[in-house]
Amino acid sequence: MKIRKGDRVQVQYEAQLEDGTVFDSSEAKAPVEFQVGAGQVIAGIDEALIGCEPGKLKLVIEPDKAYGARRDELVQTAPIEILQETGVRAGEAVELETADGTVVTAMVQDIEDDSVTFDLNHPLAGHTITFLVDVLAVKPAA
């Protein structure tokens, strides 16, 4: 039975960076269930599963179908006063509120006496991700 758009699948997975570093896994958790093609996972997984048989799969997802390309314009410097919290260090994540009230997470890249540089890229932006997926069950779309 081949997986089709709209089917619900139950999977176990391991996610790796290009160098083989595992950054996420469902191994110690319950299997993950989602509807294929419904945007509940990154686009590359949705697309790669369509037409596959249940079982073990290796999915290599390029940045444009994963977490996007790394964008230099998302690295921005602002006055130090923007930091609401004290004791924040470079390499830590902070939440910032945009002019329209949206809350975004940013990594503090650098702190100077009068300024702070934030990286608003997703931490996995620019990376090709390998997912080792075991499709355990498929429920056909109604």
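The values are calculated or read from the model by the stated rules, or taken from the named source; none is laboratory data. Just so we're clear, the structure is a prediction, and the values are computed from it rather than from any experiment. Neighbour counts run over all protein chains shown; Cβ positions are idealised from the backbone, glycine included.
Some observations on this one:
- Residue list for the range 12-39, filter: in contact with an Asp or Glu (Cβ under 6 Å, 6 or more places away or on another chain), under 17 Å from K65 (Cβ atoms) and not small (G, A, S): V36
- Of all residue pairs spaced 6 or more apart or on separate chains, those with beta-carbon atoms under 8 Å, a first member in the range 90-109 that is in contact (Cβ under 8 Å) with a residue 12 or more places away in the chain and a second member that is among the charged types (D, E, K, R) and in a loop (DSSP other than H, G, I, E, B) are V94/E85; M107/E92; V108/R89; V108/E92.
- Residues of the range 93-142 satisfying the condition of being more than 20 Å from the chain's Cα centre (by Cα) and either among the aromatic types (F, W, Y) or part of a loop (DSSP other than H, G, I, E, B) (or both): T98, A99, D100, G101, E112, D113, D114, P140, A141, A142
- If you go through the range 49-65 and keep only what is in a helix (DSSP H, G or I) and more than 16 Å from the chain's Cα centre (by Cα), you end up with just L49.
- Scanning the range 26-54 for residues that are surrounded by 11 or more Cβ atoms within 10 Å (Cβ to Cβ) and of a type in the set (G, A, S) yields a total of 6.
- Residue match in the range 104-124 (condition: among the small types (G, A, S) and at positive phi): no
- Of all residue pairs spaced 6 or more apart or on separate chains, those with beta-carbon atoms under 8 Å, a first member in the range 113-142 that is among the charged types (D, E, K, R) and a second member that is in a loop (DSSP other than H, G, I, E, B) are K139/D7.
- Summed over the range 78-95, the residues that are surrounded by 11 or more Cβ atoms within 10 Å (Cβ to Cβ) and out of contact with any Asp or Glu (no Cβ under 8 Å at 6 or more places or on another chain) give a count of 6.
- Tally, over the range 13-39, of residues that are free of Cβ contacts under 8 Å to residues at least 12 places away in the same chain and either farther than 20 Å from A125 by Cβ or aromatic (F, W, Y) (or both): 3
- Here the range 71-91 is the region considered, the condition is being in a loop (DSSP other than H, G, I, E, B) and farther than 14 Å from A106 by Cβ, and the residue that is modelled with the lowest pLDDT is T86.
- Of the residues making up the range 37-45, one or more are closer than 19 Å to L132 by Cβ, of a type in the set (G, A, S) and out of contact with any His (no Cβ under 9 Å at 6 or more places or on another chain).
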